[in-house]
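We did not get these values from a lab; they are worked out from the coordinates using the rules stated. Everything numeric here is computed off the predicted structure, so don't read it as measured data. Here the Cβ positions follow ideal geometry from the backbone for every residue, glycine too, while neighbour counts run over all protein chains shown.
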Amino acid sequence: YNISELEPFQKQFYVEQEDVRKMTTEQVEELRLDLDNLIIKGKDCPNPVTRWSQLGLSTSLMNMITNSLNFKQLTPIQSQALPAIMSGRDVIGISKTGSGKTISYLLPLIRHIKAQRNLAPGETGPLGLILAPTRELAQQIYEETIKFIGKDKDLSCVCCTGGSELKEQIRILKRGVKILVATPGRFIDLLTLNMGKLVNTRRVTFVVIDEADRLFDMGFEPQITQIMKSIRPDKQCVLFSATFPNKLRSFAVRVLHKPLSITVNSSNMVNENIEQSFVVCDSSTEKFGVLLSILSNQTNNVTSNAQNDESTDEQSDEKTIIFVASQQICDFVEKQLVRNGFEIFSIHAGKQYQERISNLESFKKIKNSILLCTEVMSRGLNVPEVSLVIIYNAIKTFAQYVHTTGRTARGVNHGKAISILEPDEIAAAYILTKAMHKQLDTQPIQQVTKLRAMSKEFEDGMKNGKYMLSTGFGGKGLDNLDSKREQKE
Ligand code: ADP
Ligand code: MG
């Protein structure tokens, strides 16, 4: 192919809206964390969106999504893949089964096709090609596509797989079809039929490789490579998969052009060097007692603190950070701990800058020291000797949990994170259940039962709309950012 001889086509359709564009780097980072820890590789990725309205979709597509299908929120992969693909980028989207990958490519595909020149009389489609590993999957994608095409006469779609009636497929293809969903084997068969008069790749400008891991497991790599070679090199190509084995990775590097890779990483959000645990108290009054006993078990703290000076560098240094929800609680807990013989350094926004700095310096300098602080104050804090994080007041978002626990186990170090929950802190129970995942099995069974019950109460409440979690399901992440901005102003 000589690109200069090829008919030009458009693939950039996305305009980042004002509120999406003006997010700071930190806000984008935090939002991605909220979106089940979206990890991006590649240059110039557009910011994630949190509302369908930020995508500039046609009225009919918007109607379909928000009215007919009643999809309230974008899933994390959709939040990031939709703006990326609509910008014309090649994208690798990795996200678990059931996370809404189909729409992530289907909406941009439809947008793309609608912007291309119609098929001329006698010209052969398709414009968009979707490859899937099995007949069932191809059929499923086809049905989803048909739903979105609706009554639009500009668009047409056909599903071509082995094992289904070839004559019928040929009859439809003769009319000139814009979107073709196929298994790789059948697509190659069709290309060779009638010397390419029925189907050819001349007009193909958008390719989807869906369920790529399964396509590879089933040995379709040579066919896909052959197909890709027959399509113009400046095509847009996106690849979706639930897993991303190395074999697939090297293939993707070969066939995609400057791809953005977008990975949703929900189960692996918390640093795996952190040993997570929790205590569910029976009442709020019991909470302080639990804190005391945890601190006392952190043996070095109580008595040795006073005699500790920085010159005894032989001794190990195991620092603790305690997170509380507000300045008031911070002051209160500090008083109580001091009364119980602990030396405490505390920082919160209510303290003078100089005092904050000097407390932080002391915390760093003195071995086995304890820092008490509000969550906001701890952002970016990097003290490698922190071996224990105690979350005294329940965190409200995944991002907060990842941030606070992330104050320990810096670099290659190991660390512990303990959350102390009151019985009504069910949102936190839900977050913990998700974040701890398999680590839950190592916890005392009675405690786990309590936590799961609280978590379930929250989950049920989310299903019937009673509760909401700031996880990125539903623009909540962005709402948070908005309110933070307002606070600053
Ligand atoms: P995947 O390809 O990642 O396995 P699908 O694209 O098949 O997932 O989507 C799984 C299900 O979720 C489908 O029934 C789909 O209609 C539905 N779905 C997709 N996006 C959303 C959304 N934003 N909100 C609610 N449901 C959705
Ligand atoms: Mg799928």
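Rounding to the nearest 20 debye, state how big the charge dipole of the chain is about its Cα centre with +1 on each Lys and Arg Cβ and -1 on each Asp and Glu Cβ.
2220
Helix-derived [θ] at 222 nm for the chain: sum -39500 (n - 2.57) over DSSP H runs of at least 4, divide by residue count, nearest 500?
-12000 deg cm²/dmol
With charges only on Cβ, +1 for K and R and -1 for D and E, what is the dipole size of region 89-236 about its Cα centre, in debye, rounded to 20?
640
How about region 131-171: which trypsin sites (Lys or Arg not before Pro) there are in a DSSP loop, with at most 15 other Cβ atoms within 10 Å of their Cβ?
151, 153
Relative to the longest principal Cα axis of the chain, at what angle does helix 327-339 sit, 0 to 90 degrees, rounded to 10?
On a 0 to 90 degree scale, this one is about 40.
Which of 139, 198, 188 sits closest to the plus end of the dipole of region 114-223, meaning its Cα is farthest towards the positive end, when Lys and Arg get +1 and Asp and Glu get -1 on the C-beta?
198
With unit charges on the beta carbon (Lys/Arg positive, Asp/Glu negative), name the residue among 47, 406, 345 whose Cα is farthest towards the positive pole of the charge dipole of the chain.
47
With θ set to phi - 60°, apply the Karplus curve 6.51 cos²θ - 1.76 cosθ + 1.60 along region 103-115 and write out the HN-Hα couplings as whole Hz, x wherever there is a Gly or Pro.
5, 4, 9, 5, 5, x, 4, 5, 4, 4, 4, 5, 8
Please list, ordered by chain and number, the residues whose modelled amide H lies under 5 Å from the amide H of residue 239; skip anything fewer than 5 residues away on the same chain.
91, 92, 93, 209
Just want the ordering: 318, 272, from fewest to most Cβ atoms lying within 10 Å of their own Cβ.
272, 318
Against the longest principal axis of the chain, how steep is helix 25-34, in degrees 0 to 90 to the nearest 10, with axes from Cα atoms?
80
From the phi angles alone, apply the Karplus equation (6.51, -1.76, 1.60; θ = phi - 60°) to region 276-291 and give each ³J(HN,Hα) in whole Hz, x where the residue is Gly or Pro.
So the Karplus estimates, Gly and Pro as x, are 8, 8, 7, 9, 9, 7, 7, 8, 5, 6, 6, 4, 4, x, 4, 4 Hz.
Could you calculate the contour length gain from residue 136 to residue 332, that is, 0.36 nm times the residue separation minus the distance between their Cα atoms, to one decimal place in nm?
64.4 nm
Count of lysine pairs in region 1-113 with Cα atoms under 25 Å apart, counting only pairs 8 or more residues apart in sequence or on different chains?
13
Structure shown: which of 178/258; 114/174; 151/235; 365/396; 197/258; 247/438 lie over 23 Å apart, alpha-carbon to alpha-carbon?
Pairs exceeding 23 Å: 178/258; 151/235; 365/396; 197/258; 247/438.
Report, in whole Å, the centroid distance computed from the Cα atoms of region 103-163 and region 423-462.
Measuring centre to centre over Cα atoms gives 43 Å.
Given the peptides 120-130, 80-90, arrange them by the average over their residues of other C-beta atoms within 10 Å, most packed first.
80-90, 120-130
Over what distance in Å are the Cα centres of region 313-378 and region 1-70 separated?
Their Cα centres are 42 Å away from one another.
Between helix 445-463 and the chain, what is the angle of the helix's C-alpha long axis to the longest principal axis, kept within 0 to 90° and rounded to the nearest 10?
Helix 445-463 sits roughly 50 degrees off the main axis of the chain.
Multiply the residue gap between residue 382 and residue 296 by 0.36 nm, knock off their C-alpha separation, and tell me the result in nm, one decimal place.
Contour length minus Cα-Cα distance gives 28.5 nm.
Amide H neighbours of residue 417 under 5 Å, counting only residues 5+ apart in sequence or on other chains, H built in-plane at 1.01 Å?
Excluding prolines and chain starts, which carry no amide H, the hits are 275, 276, 277, 389.
In debye, nearest 20: dipole of region 307-439 around its Cα centre with unit charges on the Cβ of K, R (+) and D, E (-)?
Here region 307-439 has a charge dipole of around 460 debye.
Among 60, 4, which comes first, second and so on when ranked by fewest other beta-carbon atoms within 10 Å?
4, 60
Above 45 Å lies some portion of the pair distances; for the chain, what is it as a whole percent of all C-alpha pairs?
Percentage above 45 Å: 27.
Using the basic label-point model (7 angstrom from Cα toward the beta carbon), what is the residue 41 to residue 242 distance in nanometres?
2.2
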